[in-house]
Every structure is written in structure tokens, then in C-alpha cells.
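Take a look at the structure below.
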Amino acid sequence: MPRRTLLCTIAMLLLVAVSSALTIGTRAVAADDDTDDRISLEDAKKLKSPVPYTKESIARGKVLYRRDCTECHGADGKSQVDVIANATDLTDPEYWASGISEGEVYRSIRDGAGDAMPPFKDKVSKDEDLWDMTNFVRSLWPESARPKLAE
Ligand code: HEC
């Protein structure tokens, strides 16, 4: 019967639609659970940046910083922003709580820091963006604390 075939086809299509919706739903939940792949402080200390500290990287990092970070840390990194209290003064590494090696700064940006700094690993399109931000943040430090430009 052609009519039964049609109904059968519709039923099959519905089944496929429902099961793929379920699969997508499960994936979304898995992606939200970002607690497991955080980098430990110990591992962060050993991390070496794949992106050298160059003017180009700092410039790329600055663009990303303007997009993602100024609302809490301010355009100059000094965090004199009225809305959100207690964001770290990024220009003064002497008082930082989560480490100032390149891997530790990368970790703070990637996984978040303290109670109120959000993780950015899912908000950037590639890992290098996080390293560019790391390089930009380190360029805000006093000259004596800054890394040497690679060039
Ligand atoms: C929602 C507000 C908010 C945003 C957006 C934000 N931060 Fe933060 N950030 C904080 C707060 C609050 C802290 C202090 C966390 C703590 O140690 O308690 C912090 C801490 C940090 C630290 C660690 C400093 C330390 O003490 O070791 C770094 C590095 C940092 N932020 C960089 C960034 C960068 C780069 C961006 C943009 C990608 C950014 N932050 C975006 C609120 C924010």
C-alpha cells in the first residue's frame, strides 16, 4: 500500500530527527562540563608558550583583550572599573595570586582565576588566541618584569 509506505517513511524520519536531537543535547551537556580539563598549577608552571613574545603577538592579544577583558580589567588593565570590584590590576604582577610565569598566566585566562574570573577557553576560536592574550597582558607589566621581545 503506498499510503502505508508514506506513513512508514514519516515515522522513520521522525525517529531520526528525535534521536539526532537527543545526541546533540547530550553533546551540549558534555561541552558545558568544563571542570575536568583544567590545567593544574603544577602543569601550568612547566608550560612553554608556542607563541613567541613578539610585537605582532602582543598586537593580536590587544585586539582580543579589548573584546573580552576591558569590562572588568579596564582598557589600561588597572581594573579601575566601577561595575566589577576586585578584578586584578593586570599592570602590577607583584600582587598576583595565580602565578606570573607564561604558563600560569595562560592558565588563568584559559581556565579562569579565583572565584570571579571566568574561563575563556571556549570563548576564543583557537589556543593561540589565549597565548596572544598572555603576551599582551605581560606587556602591561613594568619594564623590569616584562619578558624580552623575541625578534
Ligand atoms: C567578569 C569579570 C572579568 C573578566 C571579563 C575578565 N577578568 Fe580577569 N579577573 C577577574 C577577577 C575578579 C580576577 C581576580 C580573581 C582572583 O584571584 O580572585 C581576575 C584575575 C585575572 C588574572 C589573574 C591575576 C592573578 O592574580 O594571578 C589574569 C591573568 C586575568 N584576570 C586576565 C584576564 C584577561 C586576559 C581577560 C580577558 C580574556 C580577563 N581577565 C577577563 C575578572 C575578570
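Laid out as a table, the results:
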quantity	calculated
For Glu102, Glu71, Glu128, order by how many other beta-carbon atoms lie within 10 Å, fewest first	Glu71, Glu128, Glu102
Proxy reagent accessibility, fewest Cβ within 10 Å first, across Thr54, Thr134, Thr88	Thr54, Thr88, Thr134
³J(HN,Hα), Karplus 6.51/-1.76/1.60, whole Hz, each residue of segment 63-68, x for Gly, Pro	4, 5, 4, 4, 6, 10
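Laboratory data are not the source of any read-out in this text; all were calculated from the coordinates shown. Predicted, not measured: the structure shown is a model, and the values here were computed from it. Every residue, glycine among them, receives a Cβ derived from its backbone with ideal geometry; neighbour counts consider all protein chains shown.
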